[in-house]
Every structure is written in C-alpha cells, then in structure tokens.
Amino acid sequence: MALDSGPIFEPGSGAPVVEAPIAKRVPTARVHHGDEFVDDYEWLRDKHNPDVIAHLEAENAYAQARTAHLGALREAIFDEVKARTLETDLSVPTRLGAYWYYSRSYAGKQYGVHCRCPVAAGADGIDAWTPPQLDAESAVAGEEILLDSNELAEGQEFFALGAFSVSHDGNMLAYSVDTVGDERYVLRFKDLRTGDLLADEIVGAAPGATWSLEGSHVFYQTVDDSWRPDTVWRHRLGSTERDVAVFHEPDERYWVSIGASRSEKYLMIWVGSKITSEGWVLESDNPEGEFRVLLPRREGVEYSAEHAVIGGADRFLILHNDVVNGVKAENFLLAEAPVDDPSNLAPLIEHRDDVRLEEIDCFRDHLVLSYRREALTRIAVWPLTESGYGQLRELDFDLELFAVGVGSNPEWTQPTVRIGLTSFITPMQVFDYVPATRELLLRKEQPVLGGYDARDYEQRRDWALAPDGTRIPISLVAKKDANDSGPRPLLLYGYGSYEASIDPAFSVARLSLLDRGMVFAVAHVRGGGEMGRLWYEHGKTLHKKNTFTDFVCCARYLLDSGATVPERMVADGGSAGGLLVGAVANMAPELFAGILANVPFVDPLTSILDPSLPLTVIEWDEWGNPLADEDVYHYMKSYAPYENVESKDYPAILAITSLNDTRVLYVEPAKWIAALRATTTGDRPLLLKTEMSAGHGGVSGRYEKWREVAYEYAWVLDTVGLAESRQP
C-alpha cells in the first residue's frame, strides 16, 4: 500500500505527528453513455482487502493525531451532556390492555430496560387512562422486567434492538437484536408468564414483528441481497415447519412492511416505492387467510389507509395524492370508503396547496389528523358522533417554532391522545389530550439538569431568497447575549432529500455549543418536506441542484445579514445531507471554515449506477436512473461531490463513517477524502474517522453516542476558533 510513512515532528516539541495518509492510485475506468470517468480510488471498496483496512486505520490514526489537542474539550462536552441528563429515569407509561408499559434508564448503563406494571384495579373513566406517577429510584408494585438490553448487549461491540412487540393478550414478547450493525436481526420469543425463551429463533429478519389477534402467529419481514425488505413471512409459534411466505415483492423499486390497524381488526401489508404505494389487508383473527389488495398500485399514486368505524359502519380512511377532478392532489386529500369497496372513495378533506396532509390516526371515538402548514407540524382532533363526524379542532401552542406529533397510542378505545411537543428551546413535553373536555394534561417534561432556563435562549425563523424567487426558511437558535451584536460562530445544518423534514427539536448536547456562543441554524432546503410535496419534488431527480443552491443561498443570507462570517461558519449534514454539504464544498468553499459530514453520500453516481449495491434500484425514483437515462447520468455527474473535486482551497473537513453501514457504504467518504487530499490547494485538515464495528446509525450505547457527539462538537468549536472557550 502506498502510504507516506514515517513520522514528522512538530518544530521545537520533539513530539511525533502522524502524516496524512496518501492513498495509492489504481485507475479504474467507468464508461456509460460514451462518457469515461477514471476512478483512482475505487479499490477502496473491498473491505476484505488488508490494504483497505490498513488505509482506514491509518486515516483513524491521522484523525486522532490531528484532534488530540481537543481531548480535554471533548471530555468537558461529554461531562456537560452527562451532567445535564437525568441518567436514572423512566418514560411516561403507555397503557396496552391490562398493563402500563414503560422503559427505564440507569446511571452507568448504555441501554434501556423495558418494563410493565398492572393497571390499578377498580380504576374507571379517565382515571383508568391516567398513567401512574412512577419514581425512577423506587421499586414499583407489580413491576415486571420484560427485556434488559444491557444483558443482551453484554460482550458485544455493537448492539441494536429491532422488534419489541407484545402479543394482544400480553403473554408473549417478540424481540430482535442486531450485534453487527448490518440491520439483519435475530428474532426471538419470550413467554412473559414464565420468563422463558421459546426454542423458536429466526435469523436474518428485518426489524419489526406483528402478532395475529389471538397470538398464535407472528408476521415478519426479510430482506434481499440489496437489503430491501421484500418478503413477509408467517411464523406459527412453536412450529418446526418452514415459515410461510405470505407476500413477496419482486419489483426492486418497492419496500414491503407489515403492521396492524389500531382496532386490531386488520393486518395490513404495505408495498411502496418512492412514488407509488399499495396496501393489502387481512382480518387479524384469520392469520392463515389470504391477503387481498386494497387499491391496486398505479404508478405515481401514493396512499395510506386506516380502519375506522363511522356511524356504526366499518370504513377505510384513505389519504392519497391521486388526480381528482382533473387536478393532482399533490399535498394529499382524505377520503373514506366502505371496507368491502375501497375504490368507492368519498372526499372528507379536500386538497390544499398550503397544507400537506401527512397522517390519519383512528380511534373508536375520535380521529387525529397530522399535517404541515407554514413549515410547521400541526395536529387536529376530530370527534366521532353517532351520526358521523363532529367539529375538527386544531391544537394551538404558543410558540413561534415547534414540532408536535402523535405519540404512542396503541389502544383503540382510549379516551385520550398522547402527543409530544418540542422546540429548539423547549425540552420534549409529553401530553395527554382529552377530546371530550379539550384538556391538555402535561404528563412529563424532559428533565434538563444544571439549571436550564428556556428564557436564556431564543429561536426565530428567517427567510432567504433563492435566485428563482423561492423563499427558503431558515430556523435559528442561540443563547441570548446582550453584549454580542456582531457576527457569531454558526453551525448551518441541512438535509434536503426524501421529503424528510428537519423540524425544531430540543437537544441537550447542543447546549454545549450554544453556551459557548455558537448559533445553530437549519436551512430548510428543497428536497425536504417542510413546505409540502412540491417542495420535495423541486429538490429531486433533475431538480436536485436546487437543494444545493438553496443551502448556499441560506449561507449567503446569514453572511449578508451579519449573523456570521465565513471563517466562523461550519456546514453540517449526514447521509443524503452529506451529499448536500459535499456538493456545497465544491460549489462555494469560500463560505465555510469547515464541513462536518456524517456517513456522507458523496459518490452517488457510482452507487446509483450499480443495481447490485444495497438499495440502488429503490433510489432511482429519488435520483433518476443514470443507467437508462443519459440526461440523468450527466446531471448527477455534474453535482456528485467525489467526481467534482478540483484544485481549490477547501474548508477543513471531518467525515465520519462506519465500516458496516449498508445504506451509505464507507467507501464513499474514504474515496472522497483521498481525492480531496490529493487535489486541494489549501492546508486545512481533511479527516476521515471510521467506526470499525458500527452501521449507518454510528456507534451504539448512549454513552458512546455522547462521546461521538462530543468529538464532533469539539472539532466544530476548534474550527471556528472556540476550542479554548469554556461553558459559563
């Protein structure tokens, strides 16, 4: 392997400094549509090659050496996160059947402990739905420990819990674990009456498990060689016979999932690509029956369905984006249909250009509608009457920026709606809303130790103007400082793909940045879903560059407004957001002091050209198919970060990846950093840090995740000149 070897020395110190690894060049030609691209670093794809592992380890050693001076700051940030966190705590109990279910965390333990306790005997009315006030430090009467993830993770370098599903009668638990990071799980079953594990064991399952009504069968999914969930299986508990494949999707563009209606009446299989969906349904009390299609798939039409009982009649409530009266319902509309004739749709809520309908939750006595308006999430509750529908009421919150969503509500008959509310300055609050009385009952607010006061911070929404006249929302949060009216260091985050929205959310760890004077900002660029379906459509396929130019536009707005200066601004993005900041590094490197890229999708064209790679075919609806379409090929090539590295002065870059990531392969940032290091005209550090035993989500365990965020934040603070600052 061609690495520059032998330490150099810091002048006057005598201390050895690890040199930047220089990857060898092994030219590999890629030819498509008459275009040849010579890839010097494609050899890094083979992670079984000892030279590849040696290179990654050399990169880790270099990153460690270049950040060694930040050790004390990393430890300080870790200690701050730890000190602000109530380490021994428990979640708000959720009622399912005769039990309250909740999870505990304990100081010193990496993972949660899943528990339950019985509902109090004789409880009636709303009292039966008022969660018990449990003491995290004390024993709970009748408490059962269902699963202790710390025991399951013992001796493992990586641990992730996939399925955690209790049967309807409360007697059985289905759970699955991944100890590698490749998102293939082992599914096991536990008898909660005895605590014994059944002999049944299913290897290679996708996360998730769904019980039949009587608990005799479990439905689960498996993935194909490309990690695409493609098959739903039926397993009979205790049976030694081969499990039955009840549904298989051969089209590589589609994912398959299975769940159950809240009413417990139906099992539902969902098949979806990026632009098309299809549902299949079966009565839950007939697990060995045949699933039947709800509405046949039609290219470009998406829908979801929930079972409801309206005026005594079974109905499916269906959200869809089909064409109605000659107009496509881009932002979706809500319709109802008889369960025996789902195609007989009658509209309930019409399509609106300014409101994106996202979800309908059905209960016996009310419905809950989740939607977006003005780049913020909203919730409305719709009571059901004997004759039909009551008055739809939107819940109101006195915050400029916030995110609200439906929480865990497993019971069909419950008279409450569990919701969660947060903002950049509001720790997560858990409420129970009572539709009958319109009461909003606070059940818990995320504890933040150390005297946190939301009044010490401020959040706001600004708008940048793109060259085509589009207004781009920017969310900002900072600590108030009456003595600092000038430019401040700023971390600008973006994502902009898959219609994913980056909503306001509180972060304990982020306080370590804010308290040192840093501003955190989110550029809500096109390709996300904050402003409706067209916001997404205008940032994908042949419109993808809008995502990148929107981010640059937001950065320039922050500079022009005096909020920050280039030498004090860092761009931050992960996965598809890593593609965003990678493209921006090529387009406008002069705007940023640094680029933080987590599991970055920086070699998209190479990946999307190879249908044998995990998830590639599914991605064609998001990015286009460069194999079949020459225009897509050249368009992707024009923005792919790796292929557009050129001789210029790049910002400092920290790329973080995982060896076992199945979504964005480690080779993408490895090639990117190798090319940058060989090409940049500047001398700012280009770092690659690879977790050698983790997947797409990075390291596992809460303390390890805190250490990882401390590593990233220390680098960010150092890049903007705040490494010597201390928390007030």
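A few remarks follow.
- Accessible area per residue for the stretch 632-693 is 27 Å², calculated with a 1.4 Å probe on protein heavy atoms, without ligands, DNA or RNA.
- Amide H contacts under 5 Å for residue 159, placed H, 5+ residues apart: 700
- Most positive-pole-ward Cα, 442, 519, 294, against dipole of the chain from beta carbon charges: 519
- Across the stretch 546-555, rounded Karplus estimates of 3J(HN,Hα) from the backbone phi angles (6.51 cos²θ - 1.76 cosθ + 1.60, θ = phi - 60°) give 4, 4, 6, 5, 4, 5, 4, 4, 5, 4 Hz, Gly and Pro being marked x.
- Helical mean residue ellipticity (222 nm; -39500 (n - 2.57) per DSSP H run of 4+; nearest 500) of the chain: -5000 deg cm²/dmol
- Size check on the stretch 77-198: the Cα extents along the three principal axes, sorted descending, read 46, 40, 21 Å.
- Under 5 Å between amide hydrogens, built in the peptide plane, is the criterion, and for residue 367 it picks out 382, 384 among residues at least 5 positions away or on other chains.
- Heavy-atom surface of the stretch 399-496, accessible at 1.4 Å and reported per residue (Å²): 44 Å²
- Counting charges near residue 443 (Lys, Arg +1; Asp, Glu -1) among other residues having Cβ under 10 Å from its Cβ returns a value of 0.
- Note that the stretch 505-522 has calculated 3J(HN,Hα) couplings of 8, 7, 9, 4, 4, 4, 4, 5, 7, 4, 5, 9, x, 8, 9, 10, 10, 10 Hz, one per residue in order, obtained from phi through the Karplus relation 6.51 cos²θ - 1.76 cosθ + 1.60 (θ = phi - 60°); glycine and proline are x.
- Residue pairs exceeding 29 angstrom between C-alpha atoms, taken from 82/540; 637/689; 24/544; 47/544; 480/540: 82/540; 24/544; 47/544; 480/540.
- Size of charge dipole - the stretch 534-637 - debye, nearest 20, with Cβ of Lys, Arg +1 and Asp, Glu -1, no other charges: 280 debye
- For the stretch 197-260 versus the stretch 55-70, the inter-centroid distance based on Cα atoms is 42 Å.
- Cα long-axis angle, helix 71-84 against the chain (0 to 90 degrees, to the nearest 10): 20 degrees
- Once all protein chains are placed together, residue 700 keeps about 10 Å² accessible to a 1.4 angstrom probe.
- Reach of residue 648 by Cα under 17 Å, taken over aspartates and glutamates that are not fewer than 8 positions away in the same chain: 567, 590, 683
- For the stretch 598-619 versus the stretch 508-551, the spacing of their alpha-carbon centroids is 21 Å.
- Couplings 3J(HN,Hα) for the stretch 37-48, derived from phi with the Karplus relation 6.51 cos²θ - 1.76 cosθ + 1.60 (θ = phi - 60°), are 10, 9, 9, 6, 10, 4, 4, 6, 5, 7, 6, 8 Hz, where x marks Gly and Pro.
- Packing, taken as the mean count of other beta carbons within 10 Å per residue, orders the peptides 263-273, 51-61 from highest to lowest as 263-273, 51-61.
- Hull shadow area, averaged, the stretch 592-636 [alpha-carbon convex hull, nm²]: 4.0 nm²
- A cut-off of 5 Å between modelled amide H atoms, ignoring neighbours fewer than 5 places along the same chain, links residue 472 with 464, 465, 466.
- Solvent-accessible area of the stretch 517-656 (1.4 angstrom probe, protein heavy atoms only): carbon and sulfur portion equals 52 percent.
- Candidate lysines - alpha carbon under 28 Å from residue 190, same-chain residues fewer than 8 apart omitted: 109, 265
- The residue among 408, 627, 573 whose Cα reaches farthest toward the positive pole of the charge dipole of the chain, with charges on the beta-carbon of Lys, Arg, Asp and Glu, is 573.
- Straight-distance candidates among the aspartates and glutamates for linking to residue 671, with alpha-carbon spacing under 15 Å and chain neighbours fewer than 8 residues away dropped: 39, 40, 42, 46, 51, 57, 59, 603, 643, 646.
- Carbon/sulfur fraction of accessible area - the stretch 230-375, other protein chains in place, 1.4 Å, %: 45 percent
- Annotation: peptides 316-327, 591-602, ranked by per-residue average of other Cβ atoms within 10 Å with the highest first, follow the order 591-602, 316-327.
- Computed with a 1.4 Å probe over protein heavy atoms only, the accessible area of residue 495 comes to about 40 Å².
- Highest mean packing first, where packing is the average number of other Cβ atoms within 10 Å per residue, the peptides 654-663, 207-216, 433-442 line up as 654-663, 207-216, 433-442.
- In terms of overall dimensions, the stretch 511-557 has a Cα radius of gyration and Dmax of 13.5, 41 angstrom.
- Accessible solvent surface per residue of the stretch 512-595, calculated while the other protein chains remain in place, 1.4 angstrom probe, Å²: 23 Å²
- The solvent-accessible area of residue 137, taken with every protein chain present and a 1.4 Å probe, is close to 140 Å².
- Of the Cα atoms belonging to the chain, the radius of gyration and Dmax stand at 26.3, 86 Å.
The values are calculated or read from the model by the stated rules, or taken from the named source; none is laboratory data. It should be emphasised that the depicted structure is a prediction, and the values quoted were computed from it without experimental measurement. When we count neighbours, we look across all protein chains shown, and the Cβ atoms used for this are built from the backbone with ideal geometry, even at glycine. Quick note on the areas: whole protein, heavy atoms, side chains included, nothing else; ligands and nucleic acids left out. Shrake-Rupley method; radii C 1.70, N 1.55, O 1.52, S 1.80 Å.
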